[in-house]
Amino acid sequence: MGKRVGIEVSLAAAEAVKMADVDVVAAYPITPQTHIVEHLSELVADGELDAEFIPVESEHSAMSVCCGSSAVGARTFTCTSSQGLALMNEIVFIAASLRLPIVMILANRSLSGPLSIWNDHTDVMSVRDCGWIQVFVENGQEVFDHVMFAYRVAEAANVSLPVMINMDGFILTHMIEPIEYWDEDQVKKYLPEFKPVNQLHPDRPVTMGAFGMPFIFTETKKAQDEALIASKPEIVKAWSELHEVVGRSYKPVETYRLDGAEVAYVTMGSFSETASLAVDELRSQGKPVGQIRLRLWRPFPFEELREVTRGLKRLVVIDRAISFGGPGGPVSSEIRSALYEEEHAPSVTNFICGLAGRDVSPDDFIAMYQQAEEMSRGTVRQEDYVYHGVRE
Amino acid sequence: MAKIDEELTWQDLEVGCAVSNAGNACAYKTGDWRSLRPIVNTDHCIRCGVCYIFCPDMAIQKTADGFFEADLFYCKGCGICAQECITGCITMVQEEE
């Protein structure tokens, strides 16, 4: 077991990237991701990490550099947030279609406007369909573990896809937490050497990123979709082997106190831990409430979700992003469509809250549960989605 | 590639749609972009080769008897050969004619 350190989560993330022995870091600083990049540049400058740190002039260039370096077979890292992700958008899609195993930490933050530097899930939802493997973490330890996990999965020969680790901005990035580092043996055991599936090499000419004429484009997209779907067994395997190495276990869909529950919160990201406190409080009052936490966002864990929701009466799905004029938050619309064909599917009540850094306390979760109960009794009108805590 | 392009299924594609048979541009038929086709009147052709020099696609080949003709697999019908021809012996005609 590695040492246990009290450290800011951003710095721990950079230390994990160092332990993963990356070859190239290309990133542009943006709040609240800045400390990760800053610390990585220090590690490279101090000779602690033998890597190229490429200080690019924009996020668009950052992801472009990442595509190039990954294509030549270098283990590549970047991280960004919000507007930075928006600026790199077109290359994010290209990285996935070229099947380049880049790892990116996204310090989740709202998108302008109004201008906000604070945390919600608007940024990641703007690239929901970009073809990356996307996971959410809840605390600093999970960030550290998932850097190793991300490279392990991304570089697996039968996957070869980029992986995005979503960590809530400020709530995680700027928090000081006790983190258990991995030791070198654990990293060595878990993370094999990077052997790229395709590699730009003068001795073995290959074209990457050729255009696709109409006669072949649909086939290329089907192949990409199948690759993402087929990555799930490797993802599950990587989590199970992570448990063997460091003793912590992760699953695509995790549950909390779901035994005997009739109603379950569905949450994603760091406020899942807050929701657990609300579950404890409601359970102590004798209410049959549990919790479902989504860890894997893409490929979406349909089977796992159907499995854990079987027998439940109601889901209280809480989103931290808006689909303007749409069917509700992105998480709830995914869950509604996943359960649509199920017999006796639970009803879904969708709340949108925690936008751009507004706190969501255990009391808020309890209030949302109570409002969902009122809706189910018909005393309050059932709506497709409700803005929790908005001033009317 | 064993299959011709139109028969390729999604399972046939390489990871990330990489193309590992390098130098395959010659297999790309650009001739079907064409709406006009160059016709050479050999009575007026002086076999100078200006069309050959100016063709941006190197689609014009020298024939055994010293004339020049466009390979219609590649010729896009841009008309530069007709524009540059010293004697005006190249005419662009509609494909359907």
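We did not get these values from a lab; they are worked out from the coordinates using the rules stated. Quantities reported herein were computed from a predicted structural model and do not represent experimental measurements. Heads up, the Cβs are rebuilt from the backbone with ideal geometry, glycines too, and the neighbour counts pull from every protein chain shown.
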As I understand it, the value is the acute angle between the Cα axis of helix A:214-230 and the longest principal axis of the Cα atoms of chain A; what does it come to in degrees, rounded to 10?
70
Cα-projected label distance for A:Met1 with A:Ser376, points at 7 Å along beta-carbon direction, nm:
4.0
Size of charge dipole - the stretch B:43-97 - debye, nearest 20, with Cβ of Lys, Arg +1 and Asp, Glu -1, no other charges:
280
Between A:Glu244 and A:Leu277, what's the calculated FRET efficiency when r is the beta-carbon distance and R0 is 41 Å? Round to 0.05.
0.85
Which shape class, rounded, prolate or oblate, goes with the stretch A:328-392 when its Cα gyration tensor gives a ≥ b ≥ c as root eigenvalues, a/c under 1.5 marks rounded, and past that a/b bigger than b/c marks prolate?
oblate
Restricted to pairs 8 or more residues apart or on different chains, the lysines in chain A with C-alpha atoms under 21 Å apart form a number of pairs equal to 16
Which Cα, out of B:Trp10, B:Asn24, B:Ile53, lies furthest along the positive dipole direction of chain B (beta carbon charges, K/R +1, D/E -1)?
B:Ile53
Show which lysines lie in cross-link reach of B:Lys29 when reach means a straight Cα distance below 22 angstrom and same-chain residues fewer than eight apart are skipped.
B:Lys3, B:Lys62, B:Lys76
Could you grab the relative contact order for chain A? Cα pairs under 8 Å, six or more apart, rounded to a whole percent.
15
Nearest 10 degrees, 0 to 90: helix A:330-339 Cα axis against chain A principal axis
70
Calculated from DSSP H runs of 4 or more alone, at -39500 (n - 2.57) each and per residue, what is the 222 nm mean residue ellipticity of chain A, nearest 500?
-12000 deg cm²/dmol
By the C-alpha gyration tensor axes a ≥ b ≥ c (rounded if a/c is under 1.5, else prolate when a/b exceeds b/c, else oblate), the shape of chain A is prolate
Shape call for the stretch A:104-176, from the Cα gyration tensor axes a ≥ b ≥ c (a/c under 1.5 means rounded, otherwise prolate when a/b beats b/c, else oblate), comes out oblate
Nearest 10 degrees, 0 to 90: what angle lies between the long axis of helix A:9-19 and the longest principal axis of chain A (Cα atoms)?
40
Here the percent of antiparallel bridges among DSSP beta bridges lying wholly in chain A, to the nearest 5, is 25
